[in-house]
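The structure under discussion appears below in the form of structure tokens.
Every read-out reported here was derived from the displayed coordinates using simple, explicitly stated rules and does not represent laboratory data. Since we're looking at a predicted model, the values are computed, not measured. Ideal geometry is used to build each Cβ from the backbone, glycine not excepted, and the neighbour counts take in all protein chains shown.
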Amino acid sequence: MKILPTLLLRLACALAAISPCAAETPWRAKLEQELPLLGHRNWIVVVDSAYPWQTAPGIETVDTGADHIDVVKAVLNTLTTAPHVRPIIYTDAELPFVPEADARGVSLFREMLGQTLLSHPAQSFPHEEIIAKLDSAGKTFHVLLLKTKLTLPYTSVFFQLDCAYWDAEAEARLRSAMQGAK
């Protein structure tokens, strides 16, 4: 009889662990559903809660209601297992300069983001430059914006998708061979 209460407790704990995931299911399902359709030149962007709703036809915004770092990790994990795309990661150049006095919690966020991206090199550019790239891409290609509940500035993480099985060197060799055939 002692086994039954233990089993019930374990079942309750397992169900409690599942229920937060159920709340995140719509955005995770959207990410999983769209990934096979995405290719090079598409973007996935994890943004804070004040990020504007962009109106370019190719830009789709999904409110995750989730933690920013959790969403970044989920996107990285999803892209890491994708056989057809790999991410080129951009962060805002302004982020290292945002003072803790003006944005409480930004130091911890920078540390957590750094740990999350540790094995994934990221390039930093001014926010407006990245937004211009995103706006341009959204005119022709699909952009999936995953909006989080974070309330810190310059914390967006931009994943520009590139082909996983074809790189710049292979493209250069192809172009060179084509040029030589003329």
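Please find, within region 97-125, the residue that is farthest from the chain's Cα centre (by Cα) out of those that are part of a helix (DSSP H, G or I) and in contact (Cβ under 8 Å) with a residue 24 or more places away in the chain.
Val106
Among the residues of region 42-96, write down those that are over 16 Å from Ser156 (Cα atoms) and part of a loop (DSSP other than H, G, I, E, B).
Asn42, Thr55, Ala56, Pro57, Gly58, Ala82, Pro83, His84 - these are the residues of region 42-96 that are over 16 Å from Ser156 (Cα atoms) and part of a loop (DSSP other than H, G, I, E, B).
Restrict the check to region 97-116 and report whether at least one residue is surrounded by 12 or more Cβ atoms within 10 Å (Cβ to Cβ), in contact with a strand residue (DSSP E or B) (Cβ under 8 Å, 6 or more places away or on another chain) and under 16 Å from Val143 (Cβ atoms).
no
Being polar (S, T, N, Q) and surrounded by fewer than 15 Cβ atoms within 10 Å (Cβ to Cβ): is that true of Asn77 here?
Yes, satisfied.
Would you be able to tell me the number of residues in region 126-165 that are in contact (Cβ under 8 Å) with a residue 60 or more places away in the chain and outside any helix (DSSP H, G or I)?
The number of residues fulfilling the criteria is 25.
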